Each structure stands twice: as C-alpha cells, then as structure tokens.
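Inspection log for the structure reproduced underneath, given as structure tokens.
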Amino acid sequence: MCQALILHKKSFGELTADELYELLRVRSEVFVVEQNCVYQDMDGDDQCSIHLWLTQGERVVALARVCPAGTHMQEVSIGRVITTDRGKGYGRQIMLHAIDAAIGHFDARRIDIEAQEYARGFYESVGFRQSSDTFMLDGIPHIRMTFSLTNHTV
C-alpha cells in the first residue's frame with residue numbers, strides 16, 4: 001500500500017530539534033556525500049527561511065527552503081532543493097509549494113535560484129528562466145534562474 005505524501009512547512013523557530021536534524025542530515029547526504037561537494041551548508045540563512053519538506057511515512061522524499069529578499073540573494077530565493085526519491089514528481093511538487101510559500105510568506109513578485117546547470121530543464125518546467133551565464137559555485141557549474149510572477153498565473 002502506498003502511503004500519502006504529507007507537506008510540512010515551518011519557520012526555523014517552529015522546527016523541532018528532530019525535524020531540523022533530519023533536514024540537515026538529508027541535505028548533507030545529498031549535497032556533501034552523494035555529489036561529493038564540500039561547502040558550508042549551514043550558512044546563517046536557515047533562521048529566517050521557510051522550510052518545506054514532503055514525507056512519505058517517516059521518510060523525507062523532498063525538501064526546499066525559501067529565503068527572504070536580502071538574505072541568500074537580493075530577491076526572494078529558493079534553495080537547498082532535494083529529492084531523495086527521484087523520478088516520482090516529488091521535486092516538481094516541492095518546487096511548486098516553495099513558489100507558493102515565497103509568494104504567500106514574502107510577497108515575492110520575483111524569485112531567484114542558483115541552479116545546478118544540469119537541472120535547467122527541470123526548473124524551466126516550473127516557470128524559471130535562465131538569467132545568467134554559467135558560473136562555478138562550490139566546484140559545480142551553476143546558472144542563476146528567475147521566476148517572475150508577472151509572467152505567470154498562480
């Protein structure tokens with residue numbers, strides 16, 4: 001029997017110690033271990049961000065964070081996007097929830113991301129458009145992408 005997906009959405013202060021630990025564990029598992037990328041994950045932006053994650057049973061299957069303008073980037077931004085169960089649409093679902101959270105919590109009219117270059121098509125599928133040339137970030141090719149509310153209906 002397939003268990004239903006549950007969306008969790010909390011500010012940093014609302015997270016329990018166990019929830020925070022699990023989100024940081026998954027981020028480390030994917031970005032540091034799987035992608036072999038040594039970088040400073042705990043960058044000081046988590047405390048002012050909205051954290052979203054999808055669970056199936058007890059397992060986190062996708063997560064993202066939404067940062068207010070002027071923290072991680074000049075505009076409202078979405079980052080730390082992860083799916084642990086690929087090919088099932090969980091990444092798309094968490095991104096759509098993150099876009100809604102950016103609009104609902106931070107009144108975003110524009111949302112920026114720093115996307116790994118290989119994932120450009122995925123982010124384009126949810127409404128982002130490339131807005132920079134390729135640049136290296138933590139040893140991985142990235143591009144800046146922008147979602148503009150004026151070009152979309154939500």
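The values are calculated or read from the model by the stated rules, or taken from the named source; none is laboratory data. Computed from a predicted structure; not experimentally measured. Virtual Cβ from ideal backbone geometry, glycine too; neighbours counted across all protein chains shown. Just the protein is used for accessible areas: all its heavy atoms, side chains included, with ligands, DNA and RNA removed. Shrake-Rupley method; radii C 1.70, N 1.55, O 1.52, S 1.80 Å.
With the simple spin-label model, which puts each label point 7 Å out from Cα in the Cβ direction, the Thr71 to Ala17 separation comes to 2.3 nm. Applying the Karplus relation 6.51 cos²θ - 1.76 cosθ + 1.60 with θ = phi - 60° to the range 68-77 yields 3J(HN,Hα) values of x, 4, x, 9, 5, 9, 4, 8, 4, 9 Hz, where x marks Gly and Pro. Amide H contacts of Ser49 (H built 1.01 Å from N, in plane; Pro and chain starts excluded): Phe12 sit under 5 Å, all sequence-distant by 5 or more or on other chains.
On average, how much accessible surface per residue is there in the chain, in Å², for a 1.4 Å probe, leaving out ligands, DNA and RNA?
Result: 54 Å² of accessible area for each residue.
Pop out the Kirkwood hydrodynamic radius of the range 51-117 from its pairwise C-alpha distances, inverse of mean 1/r, in Å to one decimal. Every distinct Cα pair counted, the radius reaches 12.1 Å.
Could you pull out the GluC sites (Glu not before Pro) across the range 42-146 that fall in loop regions by DSSP (anything but H, G, I, E, B) with no more than 14 other Cβ atoms inside 10 Å?
Sites meeting the loop and neighbour criteria: Glu58.
Computed over the range 1-88, the convex hull of the alpha-carbon atoms projects to a mean area of 6.3 nm².
Per 0.36 nm of contour for each residue apart, how much would the distance between Leu7 and Leu149 grow if the chain were fully extended, relative to their Cα-Cα spacing? List each step's numbers first, then the result.
Numbers: separation 142, 0.36 × 142 = 51.12 nm, distance 2.29 nm.
Computed gain between Leu7 and Leu149 is 48.8 nm.
Between Ser28 and Asp85, residue separation times 0.36 nm minus the direct Cα-Cα distance comes to 19.0 nm. Each pair of Cα atoms in the chain enters the Kirkwood radius, and Stokes-Einstein at 4 °C and 1.567 mPa s then converts it into a translational diffusion coefficient of 82 µm²/s. Computed extension length for Asp41-Leu137: 33.3 nm, one decimal, from 0.36 nm per residue of separation with the Cα-Cα distance subtracted.
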